[in-house]
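Beneath this line is the structure, given in structure tokens, with notes to follow.
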Amino acid sequence: MFQMTRTGLILIGFALLWGAGNKVAIAQIIPEGAEVEQIATGFKFTEGPAVDAAGNLFFTDIPNGAINKLTSAGELSNFHTDIEARANGLFFDSQGRLVVCEGGKGRVTRIELDSSITVLVDEFNGKRFNSPNDLFITSDGSIYFTDPTWKSTKPQPLEGVYRIAPDGTVTLVVDDITERPNGIFMSQDGGTLYVANDGAHVVRAYSVEADGTVKDGRPFANMVGISDGMTMDVEGNLYVAGGTSNPAERGIWIFDSTGTKLGIIPTPEMPTNCTLSGHTLYITAGTSVYSIRLNATGVDVNQTKVRKTTWGQIKAKYITK
């Protein structure tokens, strides 16, 4: 049975910061004496934090196939359960509908406002996806999602990143990650797509083209151990869940817009993902959900600029010879 709890983990001095310049930068992000608080616990493996327009937090408990809801008033409940789906990443679209990466069923779905389920995509080139993991939705409804595999066999030959265009067309946009593409986020100007390459312990960056495809994949930031879900603030700082079992390396890694590491927000359990809503950073980690109040402000993801895509552009680039 899950439960509400509140426990403060004081981040004393942020001893892991590098250099005086980073200390100044991090002081602008994290208030002095800030605490990480455990706001819910008793789950098996939490993931996929997403906040709706009313300020309610949704997150998944993958082994239980559950999507849970923690209201802005602190009330915790189950929102949806499908044990076979093993829901992972979540994201609200501009209409307030919850889009879900269903790793267990190898598909991306949408929970409509009337609670019905719409399957957005469940195959590519005639084969089901491996295990849709995390996603990002732009303001025009384009959905970018990662598709790693956590099993010895995989239906898709590549562990890639895909884009679902507003008209439903699906394209493989990233094919150069050889092992476990994981967390994903896009810059507010729509020009850069960030993907956690978990197998290589690095965050990669890609330039987004006018047709919604990406190019110029390059290392953006190096990590140690796991690189997982991510979010961004309005200053372009990237927050990435991950690290190792070493408490000095486990937490939310913060990088500035150039990929320079500013510091780590330590977490009691291994973090899997995070989202920044207003000034509150929500963190899923192990059996629990945590939060910390920041000076930084989260981006309005529904205002992320997009590059328009048409079937003609896709056809000319990928089909017409």
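The values are calculated or read from the model by the stated rules, or taken from the named source; none is laboratory data. All figures in this text were calculated on a predicted structure; none of them were measured in a lab. Backbone-built Cβ (ideal geometry, glycine too); neighbour counts: all protein chains shown.
A few comments on the model shown:
- Any hit, segment 143-159, residues being hydroxyl-bearing (Ser, Thr, Tyr), surrounded by fewer than 23 Cβ atoms within 10 Å (Cβ to Cβ), in contact with a Lys or Arg (Cβ under 7 Å, 6 or more places away or on another chain) and closer than 23 Å to VAL301 by Cα: no
- Restricting the first member to segment 101-126 and to residues that are without any contact (Cβ under 8 Å) to a residue 12 or more places away in the chain, and the second to residues that are surrounded by fewer than 16 Cβ atoms within 10 Å (Cβ to Cβ), the beta-carbon pairs closer than 8 Å and six or more apart or on different chains are THR118/GLU112.
- Here segment 35-73 is the region considered, the condition is being crowded, with 16+ Cβ neighbours inside 10 Å and part of a helix (DSSP H, G or I), and the residue that is farthest from the chain's Cα centre (by Cα) is ASN64.
- In segment 161-186, of all residues being in contact (Cβ under 8 Å) with a residue 60 or more places away in the chain and among the small types (Gly, Ala, Ser), the one that is surrounded by the most Cβ atoms within 10 Å (Cβ to Cβ) corresponds to GLY183.
- If you filter segment 143-168 down to residues that are among the hydroxyl-bearing types (Ser, Thr, Tyr) and modelled with pLDDT of 95 or more, you find that the one that is farthest from the chain's Cα centre (by Cα) is TYR162.
- Segment 74-85: number of residues that are surrounded by fewer than 22 Cβ atoms within 10 Å (Cβ to Cβ) and closer than 17 Å to VAL100 by Cα: 7
- Some residue of segment 74-87 being at pLDDT below 95, of a type outside the set (Asp, Glu) and outside any strand (DSSP E or B): yes
- Cβ pairs under 6 Å, 6+ apart, first in segment 33-48 and in contact (Cβ under 8 Å) with a residue 60 or more places away in the chain, second of a type in the set (D, E, K, R): GLU37/ARG6; PHE43/ASP61; LYS44/ASP61; THR46/ASP61
- In this structure, SER116 qualifies as at pLDDT 95 or above, of a type in the set (Ser, Thr, Tyr) and either under 23 Å from CYS274 (Cα atoms) or more than 17 Å from the chain's Cα centre (by Cα) (or both).
- Matching entry among VAL289, VAL301, VAL240, VAL234 (being over 27 Å from ILE62 (Cα atoms) and aliphatic (A, V, I, L, M)): VAL234
- Breaking point among (1) over 19 Å from the mean Cα position of the chain (by Cα); (2) within 21 Å of PRO155 (Cα to Cα), for THR109: (1)
- Residue within segment 121-130 that is crowded, with 18+ Cβ neighbours inside 10 Å, hydrophobic (A, V, I, L, M, F, W, C) and under 17 Å from the mean Cα position of the chain (by Cα) present: no
- Residue that is farthest from VAL24 (Cα to Cα) [pool: residues in segment 243-260 that are assigned to a strand (DSSP E or B) and at pLDDT 95 or above]: GLY251
- Residue within segment 191-207 that is in contact with a helix residue (DSSP H, G or I) (Cβ under 6 Å, 6 or more places away or on another chain) and part of a strand (DSSP E or B) present: no
- Members of segment 196-230 found to be basic (Lys, Arg) and either crowded, with 21+ Cβ neighbours inside 10 Å or within 19 Å of ILE137 (Cβ to Cβ) (or both), listed by number: ARG204
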